[in-house]
Amino acid sequence: MWADVRAVLERPEELRQEFERRLAREADGNVDLDQWDKQIASVQRSISRLIDAYESDLLDKKEFEPRVRQAKQRLARLQQEASAAAERAAQRAELRLVLSHLDAFAKQVHGGPRSGRLGHTIAKSSAAW
């Protein structure tokens, strides 16, 4: 295990490149979160208009029920997709934070004032494994 840690610390740019490649691939399929919010708001307005039309006797019950049911199903689907998109965005942000900490730590190991001691400790630990 320590050999893997040592390898990552010696070449953190390889790990960063792999994660950046994955982030770029995921970002291609994602829609802006604001776009999800706009779609959700649009469906909510549609539901409100359907209710208003029904209350004003512009729609009868036979027309109202299937239309409002479909709109609510669409709203639920959009909310679920928006939640998943928000989760993916949060995961990408966390990954970027981890990568920045890894870069800082790797620089500290290679060039910081205690780098000799820490590098020696890692090398010693990896030899034990």
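The values are calculated or read from the model by the stated rules, or taken from the named source; none is laboratory data. Just so we're clear, the structure is a prediction, and the values are computed from it rather than from any experiment. Heads up, the Cβs are rebuilt from the backbone with ideal geometry, glycines too, and the neighbour counts pull from every protein chain shown.
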- prompt: Any idea which residue in segment 31-45 is modelled with the lowest pLDDT, counting only those that are assigned to a helix (DSSP H, G or I) and hydrophobic (A, V, I, L, M, F, W, C)?
  reply: 33
query: Just one of 93, 76, 89, 106 is modelled with pLDDT of 95 or more and either within 30 Å of residue 20 (Cβ to Cβ) or hydrophobic (A, V, I, L, M, F, W, C) (or both); which is it?
result: 76
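Residues checked against (1) exposed (fewer than 14 other Cβ atoms within 10 Å of the Cβ); (2) part of a helix (DSSP H, G or I); (3) acidic (Asp, Glu); (4) in contact with a Pro (Cβ under 9 Å, 6 or more places away or on another chain):
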| residue | (1), (2), (3), (4) |
| --- | --- |
| 63 | yes, yes, yes, no |
| 69 | yes, yes, no, no |
| 78 | no, yes, no, no |
| 81 | no, yes, yes, no |
| 85 | no, yes, no, no |
| 92 | no, yes, no, no |
| 95 | no, yes, no, no |
| 99 | no, yes, no, yes |
message: If I go through segment 80-104 residue by residue, how many of them are without any contact (Cβ under 8 Å) to a residue 12 or more places away in the chain and charged (D, E, K, R)?
response: 2
- prompt: Exactly one of (1) in a helix (DSSP H, G or I); (2) surrounded by 12 or more Cβ atoms within 10 Å (Cβ to Cβ); (3) modelled with pLDDT of 90 or more is unmet by residue 58. Its number?
  reply: (1)
